[in-house]
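Below you'll find the structure, written out as structure tokens, and then a few comments.
Values in this text are rule-based calculations from the coordinates and carry no lab data. None of these values were measured; they are calculated from a predicted model. When we count neighbours, we look across all protein chains shown, and the Cβ atoms used for this are built from the backbone with ideal geometry, even at glycine.
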Amino acid sequence: MDSPLTDYVLFDLETTGLSTETDQVVEISALKVSGGEVEEEFSTLVNPGMHIPYQASSINGITDDMVKDAPDMEHALKDFISFIGSSVLVGHNIRRFDLGFIQRDAVRYYGKQITNDYVDTLALSRKYLPDLYSHALGSLADHYGVSYEGAHRALADCHINKQVYDCLKHEIENPCDAVKQMRTCPLCGNIMKKRNGKFGEFWGCAGFPDCRFTQDC
């Protein structure tokens with residue numbers, strides 16, 4: 001996570017909701033980046049096989065009519081996996097959200113998970129911009145002066161995220177003093193926070209409960 005990448009695939013999903021138990025993917029988009037520049041785009045709507053709730057459509061603008069002739073997830077995911085190959089994946093909040101849907105459906109349709117390494121720009125921003133009031137993609141775009149036009153459609157979010165990641169690379173290469181003094185989790189690269197337990201203070205990963213690494217104070 002702390003090595004700025006120049007070659008990677010940045011991706012984003014739109015879904016019918018937030019739950020990997022009950023919701024489905026309605027759009028997958030990705031950018032193949034080589035030498036820091038966008039080399040190729042991938043984008044497809046996905047027929048989720050269910051009604052898209054109004055709440056989801058009101059955010060991403062994707063309706064049932066738009067996806068009725070789109071490929072189902074089994075076929076869309078096959079094309080996405082072919083597009084990413086073995087590239088490192090980059091995305092915002094992909095650890096807790098997007099990868100959950102991708103891995104669930106990879107197991108469902110192909111009997112195995114994808115094994116690509118990944119970088120989550122949400123974790124990066126929390127580590128390198130600790131004083132920022134919010135680490136949402138929109139907040140980061142505002143912080144860096146990146147246009148947020150077209151947000152909440154997957155391909156637009158990919159282009160926004162790519163610009164934000166380019167800015168975050170500068171933070172990685174030129175960390176402030178507060179960041180230099182931070183502890184980071186050796187398992188996931190997230191920041192460590194001092195916590196209190198029944199046996200006293202300890203250092204715990206900020207990625208809890210996804211990462212449960214701890215260290216004694």
If amide H atoms are modeled at 1.01 Å from N in the peptide plane, then the residues at a separation of 5 or more from T15, or on another chain, having amide H under 5 Å from its own are V26
I need the helices of the chain that pass two filters: whole DSSP H segments spanning 27 Å or more by Cα along the axis, and mean Kyte-Doolittle score no lower than -1.0. 154-173
Pairs over 29 Å Cα to Cα, from K78/K162; K127/K162; K78/K169; K32/K127, come to K78/K169
Interchain or long-range residues, amide H under 5 Å from I52's placed H: D64
Residues in the stretch 114-140 reached by a label modelled at Q163 [backbone nitrogen below 14 Å; 7 Å Cα→Cβ]: 137-140
Quick query: amide H of V90 versus all other amide H atoms, modeled in the peptide plane; which residues come in under 5 Å with a sequence gap of 5 or more or a different chain? V9, L10, F11, V119
Relative to the Cα centre, what is the charge dipole magnitude of the chain, using +1 at the beta carbon of each Lys and Arg, -1 at the beta carbon of each Asp and Glu, and rounding to the nearest 20 debye? 1100 debye
Does the stretch 97-217 classify as rounded, prolate or oblate by the C-alpha gyration tensor (a ≥ b ≥ c root eigenvalues; a/c under 1.5 gives rounded; else a/b over b/c gives prolate, otherwise oblate)? oblate
Roughly speaking, what is the centre-to-centre gap between the stretch 30-64 and the stretch 141-217 when only Cα atoms are used, to the nearest Å? 24 Å
Vicinal HN-Hα couplings computed from phi for the stretch 36-49 (Karplus, 6.51 cos²θ - 1.76 cosθ + 1.60; Hz; Gly/Pro x): x, 10, 5, 9, 7, 10, 10, 7, 8, 6, 10, 7, x, x
